[in-house]
Amino acid sequence: MPSSDSVAAAPVTALGAILRDRLLRSVFQPIVDLESGTLFGFEALVRGPAGSPLERPDALFAAARAEGLLAELDHACQVAAVEAAARHRIEEPLTLFVNAEPDAVGSQPLPPIGREIRGVVELTERTLTSRLPELLPAVQRARADGWGVALDDVGADTRSLALMPVLRPDVIKLDLRLVQEQPTPEIAAIAGAVGAQAERTGATVLAEGIETVEQAEYARALGATLGQGYLFGRPSEVPRRENATPVPLPLFTAGLPHPWRTPFDLVSTHRPVRRGTMPLLDSITGELERQAAYGRRSSLLISSFPDARGSMARVDALYDALATDLAFVAALGVGLLPRAGSTLRGVSIAEDDPLQGTWNVLVISAHFASMLAARERPRESVGAEQLFDFVVTYDRDVIVECAQGLLLRIALSSEAGRDGGGDALSA
């Protein structure tokens, strides 16, 4: 058997050499106020070595996916952007926008930005829906480290509209096609959903891909206050900082609910509790599921059942089908397992989990939110009908908080499964 010294080292690829030798470059494109032209910040865009086959970002990331180096490249891009921003004094009140791939989010922490640099991490919507539970704690960590959050390319896929409430981005970036194409009912619906989210939360709307004065005016008509594109400046290695804003973009610091708290625990403190039978709750559940189906790709549906084994037929017949149309669908319960070949997130909970014995159905879409949260009551006698304490609410803020708690629970369960342990919530 040959010694380790005689085994030839694996050849270093072009991408590997770029990462090893820190050869990534950052160029900066200005982001301005659409009405006044005031400079609010820059987006850092990555470039490989000039003149090389990997100079373009699409070539870099294609190579990273092929070589299994996506997380390493993503982190290296962020580090290069922060270092270049420090050299060029892109400091508060200006904001530095840095991209992050959802496939790589959470693999490595974002680089520290210090007190001078004000950073916003942009999450592209590719794969966001499939990894929504895992993305939520990563977003929380980014906020704890001082980063703001932007949702990028909104409108390229209408499923992103369902993600806005639970991710609560500081900045919503409209996909370039919204300002470069002719107005359509779909574009109007997207603009309406984005405008509603911005009005509810104070998020800033930014339009990308603006190349003409007419497109800038159209972006303002769609509700954007900030713009980015060739009309305002092409990406440059040396950013110009004239006419900079004295007032920075607002960033949120809201925390997430503890995943141990059940939806019934959360909502029963806000709304009166009623009492009902299983057939009544079943009919309410059916109506909420129909509301989710009506919203289709802009709807999110999360349910948990007090008796998952008894609800298996419902999950098999309905939830698998809904998962092909909706932005995100999850079902939780004792005995529910990951669904092979389905986009439905099936999550098993322990017999002693606080969620056991509760019945929850949450629907969130661009313009609609509703929730049933119920808890089993002790049976009055052997064979007596099962009764529930329950709440039905349309309070969007409360429903979003409950959805965030369940999504965090799903993420912790997935993490425990990867580590080979039990339910992370029972640790």
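Just so it is clear, none of the values below were taken in a lab; they were calculated from the coordinates. Predicted model only: the values in this text are computed from it and were never measured. Heads up, the Cβs are rebuilt from the backbone with ideal geometry, glycines too, and the neighbour counts pull from every protein chain shown.
If we count other beta carbons within 10 Å of each Cβ, what is the order of 319, 394, fewest first?
394, 319
Could you pull out the GluC sites (Glu not before Pro) across segment 331-405 that fall in loop regions by DSSP (anything but H, G, I, E, B) with no more than 12 other Cβ atoms inside 10 Å?
351, 380, 385
With label points built 7 Å along Cα→Cβ from the Cα atoms of residue 52 and residue 342, find their separation and express it in nm.
Placing both labels 7 Å along Cα→Cβ, they lie 4.6 nm apart.
Taking the Cα atoms only, what angle lies between the long axis of helix 70-87 and the longest principal axis of the chain, rounded to 10 degrees?
50 degrees
Under the 0.36 nm per residue contour assumption, what length would be gained going from the current alpha-carbon distance of residue 384 and residue 273 to full extension?
Full extension from residue 384 to residue 273 adds 37.8 nm.
Mind giving me the nanometre distance, one decimal, between the label points for residue 324 and residue 234, set 7 Å out from Cα along Cα→Cβ?
That separation, rounded to one decimal, is 4.7 nm.
Arranged by the count of other C-beta atoms within 10 angstrom, fewest first, what order do 167, 174 take?
167, 174
Nearest 0.05, what FRET efficiency do residue 351 and residue 261 give at R0 = 22 Å with Cβ-Cβ as r?
Efficiency, rounded to the nearest 0.05: 0.70.
Name the residue farthest towards the positive end of the dipole of segment 263-426 from the options 336, 358, 313, assuming +1 on Cβ of Lys and Arg, -1 on Cβ of Asp and Glu, about the Cα centre.
Toward the positive end, the furthest listed residue is 313.
Are there any trypsin sites (Lys or Arg not before Pro) in segment 357-412 that are in a DSSP loop and have at most 12 other Cβ atoms within 10 Å? List them by number.
379
Need the C-alpha centroid separation for segment 358-395 versus segment 62-100, integer Å.
Segment 358-395 and segment 62-100 have Cα centres separated by 45 Å.
Mind pulling the angle between the C-alpha long axis of helix 278-295 and the longest principal axis of the chain? Nearest 10 degrees, somewhere in 0 to 90.
Once rounded, one gets 20 degrees.
Just to verify a number: FRET efficiency for residue 221 and residue 115, C-beta to C-beta distance, R0 = 41 Å, to 0.05?
Computed FRET efficiency for residue 221 and residue 115 comes out at 0.60.
Suppose every Lys and Arg Cβ carries +1 and every Asp and Glu Cβ carries -1, with no other charges. What dipole size does the chain come out with about its Cα centre, to the nearest 20 debye?
300 debye
Place a point 7 Å from Cα of residue 211 in the direction of its Cβ. Which residues in segment 160-182 have their backbone N less than 17 Å from it?
The answer is 175-182, whose backbone nitrogens lie closer than 17 Å to the label point.
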